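Take a look at the structure set out below.
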Amino acid sequence: MTPSQPAEPAVQVTDLSVDLGGRLVLRGVDLQIRPGEVVAVLGTNGSGKSTLVRTIVGLLPAARGDVKVFGTPVRRFRQWNRIGYVPQRITAAGGVPATVAEVVSSGLLSKRRLFRPLKAAERAAIDEALEIVDMAAQRKDAVAELSGGQQQRVLIARALVSDPELLILDEPTAGVDLASQSIFAGAIRERVARGTTVVMVSHDLGPMDALIDRSVILRRGRVVYDGPPHASQTHAHVHPHGSMQDEPGWLS
Amino acid sequence: MTMFELEFMQRALIAGLLTGLSAPAIGTYLVQRRLSLMGDGIGHIAITGVALGLLTGTAPVLTAVLVAIAGATAIELVRARGKASGDVALALLFYGGIAGGVLLIGLAGQGAATLNTYLFGSLTTVSPSDLYVVVGLAVAVLVVAIGLGPQLFAVCQDEEFARVTGLRVQLLNLLIAVMAAVTVTVAMRTVGLLLVSALMVVPVATAQQFTRSFRSTFMTACALGVTACVAGIVTSYHANVAPGATIVVLALAGFVVAAIAGTLLRRRRGVLAPLQDEEPEIGVPAPVPHVVSTAHQHAHDPKCGHPAVEHGDHVDYVHDGHLHAAHGDHWDEH
């Protein structure tokens, strides 16, 4: 909104279109996220919000337009330790048992060299990340045996462990109990206070809504609202029916 | 112990030891990725490789490893492209591999007996030159499986997260496929191509009965693999049966014992430690306190004259414009 921003944007999306199996899921999306902003990407199922963040982190190719992360096109971006990503997951478990600490240690791989064991400082970082999401007591438990909310907290810890500058969360509160939601709203608040940029996809923000300072609403692959959080949308999900454009203040 | 003085038995045991270590090591990653049957697919493809070796007169171990690597790479690429799902890609190569192998063996003029030694393992056929190849390949697999453990774990556990961490996911996936192919070839002489996948998967499944961490599953599976291989080779020498079948039957017996013991153990642990109530209940509305009708002397019954009203699971009585319901020894306002 302010055209003369000194710092380079954390995320710069220009005229982005994404094609998934022949269907245009995003159409001409422009989005700029400045360092330190906490942005909620809202919209109904199928509005393209997950597609948008997955394209930002380079998991999906752009059909048209481009995506820059910290000033570098995402295809050539290599400083992955600056990004913490929480993918949309139902479970954190795989085919073989793994402990909470093992899953979180994966978050350090952007910094670790090959063929090196964990350093003491890295172990401390794992413990600290687990402390933030209140899972330190379960560090040796198998993730498969935890509740859905606890598994989601493990995934948040995995993203936080590398101390990222940009945190991207895809539906972090989906299917998570209120206790876990407020625990990681606290974790995110603490990161925000330290200047971390946060992009959060959600259709129901829950306890997170107090943290948001800007919301972007997608509808059928287009940005239909981009601005300060609106009283009618911060606490509620966006409803599929009823035209948003008719409401005053929705289009900037 | 005359058995270990025989040179071919020494070679068989070394090959068995290395197979027992490397097959579960790579198998743990395959199971983690839910690609348990990949070893089987590669084993079938390797049959074509063996046949190619026999046809051209080159060492079958060498041609098998090359064809297996090519096949594993093909499986991985098809899977990654997402054109056919992983299991369809496996099925295509299964049948292609085994059909091609049988066809080529026939062309080479070799009978079923030769093929059998590769399909089910044969102790006497491990030649000294085979052994060098086997040792080299197995050591390479183990170094990669242990040294790149954290990276491979991350890729198998959550591929998308691994990519956003900056890992070269496609390369690591390919590495797993190639290591699986190499392991299949290493195990060809001891377990045989048709049963090698069992040695990749069964020890991992057995270990999982007792373990909570990936690391301990990995190490327990390797220990179980070595035990099954050595015990199987010794048994097959004495009983004069195919080593591959013996090893796999022993490994499966171990799994059955572990599964029963694990179930009993978990049930017992479950009885001793009931689920903790760790989630504080937030946002659950407290039950609404019921209002007791004060000084209600009258006892309602179907014949008391007050109109009876069905109310969910009970009956209310209309009394002076409000509803009364029986609750223990008193009446509630409803």
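Residue count for segment B:238-265 satisfying the condition of being polar (S, T, N, Q) and either in a helix (DSSP H, G or I) or modelled with pLDDT of 95 or more (or both): 2.
All conditions but one from (1) in contact with a strand residue (DSSP E or B) (Cβ under 6 Å, 6 or more places away or on another chain); (2) assigned to a loop (DSSP other than H, G, I, E, B); (3) within 8 Å of chain B (Cβ to nearest Cβ) apply to residue A:112; the one that does not is (1). Taking residues in segment A:167-181 that are over 24 Å from residue A:81 (Cβ atoms) and facing chain B (nearest Cβ under 10 Å), and partners anywhere that are assigned to a loop (DSSP other than H, G, I, E, B) and not hydrophobic (A, V, I, L, M, F, W, C), the pairs with Cβ atoms closer than 6 Å and at least 6 places apart or on different chains are A:177/B:279; A:178/B:283; A:179/B:279; A:179/B:280; A:181/A:173.
Which of the residues belonging to segment A:23-45 are farther than 21 Å from residue A:164 by Cα, in contact (Cβ under 8 Å) with a residue 12 or more places away in the chain and out of contact with any Pro (no Cβ under 9 Å at 6 or more places or on another chain)? Residues satisfying the conditions are A:24, A:25, A:26, A:27, A:28, A:29, A:30, A:42, A:43. Here A:67, A:100, A:133, A:104 are screened, and the one residue that is closer than 20 Å to residue B:32 by Cα, buried (at least 21 other Cβ atoms within 10 Å of the Cβ), more than 9 Å from chain B (Cβ to nearest Cβ) and within 20 Å of the chain's Cα centre (by Cα) is A:104.
Looking at A:79, A:151, A:88, A:138, just one residue is farther than 30 Å from residue A:22 by Cβ and touching a residue at least 40 places away in the same chain (Cβ under 8 Å), and that residue is A:151. Is segment B:178-190 home to any residue that is among the hydrophobic types (A, V, I, L, M, F, W, C) and within 14 Å of chain A (Cβ to nearest Cβ)? No, every residue in segment B:178-190 fails to be among the hydrophobic types (A, V, I, L, M, F, W, C) and within 14 Å of chain A (Cβ to nearest Cβ). Where helices (runs of 4 or more DSSP H) fall entirely within segment B:108-162, those with at least 1 residues that are surrounded by fewer than 18 Cβ atoms within 10 Å (Cβ to Cβ) and free of Cβ contacts under 8 Å to residues at least 60 places away in the same chain are at B:112-120, B:128-147. Filter segment A:70-97 down to residues that are more than 23 Å from residue A:140 (Cβ to Cβ) and facing chain B (nearest Cβ under 7 Å), then give me how many there are. Qualifying residue count, segment A:70-97: 5.
The single condition among (1) farther than 22 Å from residue B:125 by Cβ; (2) touching a Phe, Trp or Tyr at 6+ places or on another chain (Cβ under 9 Å) that residue B:189 does not meet is (1).
Among the residues of segment A:107-130, those identified as closer than 25 Å to residue A:182 by Cα and surrounded by fewer than 20 Cβ atoms within 10 Å (Cβ to Cβ) are A:124, A:127, A:128. Among the residues of segment B:31-83, not one is of a type in the set (A, V, I, L, M, F, W, C), closer than 28 Å to residue B:206 by Cβ and without any contact (Cβ under 8 Å) to a residue 40 or more places away in the chain.
With respect to being free of Cβ contacts under 8 Å to residues at least 40 places away in the same chain and either part of a loop (DSSP other than H, G, I, E, B) or in contact with a Ser or Thr (Cβ under 7 Å, 6 or more places away or on another chain) (or both), residue B:28 falls outside the description. Scanning segment A:110-127 for residues that are closer than 26 Å to residue A:147 by Cβ and either within 20 Å of the chain's Cα centre (by Cα) or in contact (Cβ under 8 Å) with a residue 60 or more places away in the chain (or both) gives a single hit, A:126. Anything in segment B:198-250 that is more than 10 Å from chain A (Cβ to nearest Cβ) and of a type in the set (Phe, Trp, Tyr)? List them, or say none. Of everything in segment B:198-250, just one residue is more than 10 Å from chain A (Cβ to nearest Cβ) and of a type in the set (Phe, Trp, Tyr), namely B:237.
Restrict the check to segment B:217-229 and report whether at least one residue is touching a residue at least 24 places away in the same chain (Cβ under 8 Å), part of a helix (DSSP H, G or I), closer than 13 Å to residue B:39 by Cβ and among the aliphatic types (A, V, I, L, M). Scanning segment B:217-229, I find no residue that is touching a residue at least 24 places away in the same chain (Cβ under 8 Å), part of a helix (DSSP H, G or I), closer than 13 Å to residue B:39 by Cβ and among the aliphatic types (A, V, I, L, M), so the answer is no. Among the criteria (1) in a helix (DSSP H, G or I); (2) surrounded by fewer than 23 Cβ atoms within 10 Å (Cβ to Cβ), the one residue A:174 does not fulfil is (1). Only one of the listed residues (B:46, B:64, B:91) is farther than 19 Å from residue B:155 by Cβ and under 20 Å from the mean Cα position of the chain (by Cα). That residue is B:91.
Within segment B:163-174, can you find the residues that are more than 7 Å from chain A (Cβ to nearest Cβ) and either touching a Phe, Trp or Tyr at 6+ places or on another chain (Cβ under 6 Å) or assigned to a helix (DSSP H, G or I) (or both)?
The first filter runs over segment B:163-174 and keeps only residues more than 7 Å from chain A (Cβ to nearest Cβ), leaving B:168-174.
Those that are more than 7 Å from chain A (Cβ to nearest Cβ) and either touching a Phe, Trp or Tyr at 6+ places or on another chain (Cβ under 6 Å) or assigned to a helix (DSSP H, G or I) (or both): B:169, B:170, B:171, B:172, B:173, B:174.
Can you find a residue in segment A:83-96 that is within 17 Å of the chain's Cα centre (by Cα) and farther than 22 Å from residue A:156 by Cβ? No, segment A:83-96 contains no residue that is within 17 Å of the chain's Cα centre (by Cα) and farther than 22 Å from residue A:156 by Cβ.
Residues in segment A:210-252 that are part of a helix (DSSP H, G or I) and touching a strand residue (DSSP E or B) at 6+ places or on another chain (Cβ under 8 Å) were compared, and the one that is modelled with the highest pLDDT is A:233.
The values are calculated or read from the model by the stated rules, or taken from the named source; none is laboratory data. Values in this document were obtained by computation on a predicted structure and should not be read as measured data. Cβ sites come from the backbone with ideal geometry, for glycine too, and all protein chains shown count toward neighbours.
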